[in-house]
Amino acid sequence: MSMAIHPEFPLPDVDDPVMRPFWEGARRHQLLQQRDRLTGALHWPPKPLYWKGGERLEWIEVAGRGEVYTYVVGHEPFLPAFQDRLPHIMVVIQLDEGARIVGYMQNCTPEQMAFGMRVRVAFEDLTERVTLPIWEPDA
């Protein structure tokens, strides 16, 4: 169920034609990535479906595990909507499948953070239509 969020919380455009499959997967609590059928390479951020004719691209579910590539800890809110989420740990995750994806950590203090830390995806239902993939330690 969705939790109460600040009225100024920035929400993604879940109807964007390029990103729509990603957000639909997130609503189902699946982490999806776009893959080139010919090379097997993951594309993040995703390419528009007309890229190289479109037939080469597909969306696949990935394991949702990886490691912290880099991170930053926010102690001051950059928007009022984030005041109750401090300290806010933003991360770039290197997925085991190769792509890097941005998110934030939960169930982890700034003191516990480390480069290379193993993480797994979790999901935060913000509204009925918006679910964010977020990250937590893979203990």
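For the range 17-60, a residue qualifies if it is of a type in the set (D, E) and more than 18 Å from G103 (Cβ to Cβ), and the qualifying residues are D36, E55, E58.
Restricting attention to the range 94-108 and to residues that are in a loop (DSSP other than H, G, I, E, B) and in contact (Cβ under 8 Å) with a residue 40 or more places away in the chain, the residue that is farthest from V72 (Cα to Cα) turns out to be E97. Kindly evaluate V68 against the criterion of being outside any loop (DSSP other than H, G, I, E, B), surrounded by 15 or more Cβ atoms within 10 Å (Cβ to Cβ) and either in contact with a helix residue (DSSP H, G or I) (Cβ under 7 Å, 6 or more places away or on another chain) or β-branched (V, I, T) (or both). The answer is yes for V68. From the list E136, E124, E111, E76, the one residue that fits, being over 20 Å from Q34 (Cβ atoms), without any contact (Cβ under 8 Å) to a residue 12 or more places away in the chain, among the acidic types (D, E) and not in a loop (DSSP other than H, G, I, E, B), is E111. Out of everything in the range 21-45 that is out of contact with any Leu (no Cβ under 8 Å at 6 or more places or on another chain), without any contact (Cβ under 8 Å) to a residue 60 or more places away in the chain and assigned to a loop (DSSP other than H, G, I, E, B), what residue ends up being farthest from Y104 (Cα to Cα)? Here the residue is L38.
It is to be established whether one or more residues within the range 10-20 are under 16 Å from V130 (Cβ atoms), in contact (Cβ under 8 Å) with a residue 12 or more places away in the chain and more than 14 Å from the chain's Cα centre (by Cα). Looking through the range 10-20, at least one residue is under 16 Å from V130 (Cβ atoms), in contact (Cβ under 8 Å) with a residue 12 or more places away in the chain and more than 14 Å from the chain's Cα centre (by Cα). State which residue is farthest from C108 (Cα to Cα) when the search covers only the range 46-73 and only residues that are of a type in the set (G, A, S) and in contact (Cβ under 8 Å) with a residue 40 or more places away in the chain. My answer is G64.
Read-outs throughout are calculated quantities, based only on the coordinates presented, and are distinct from any laboratory measurement. Computed from a predicted model, the values in this text were never measured in an experiment. Every residue, glycine as well, gets a Cβ built from its backbone with ideal geometry; the counts of neighbours run over all protein chains shown.
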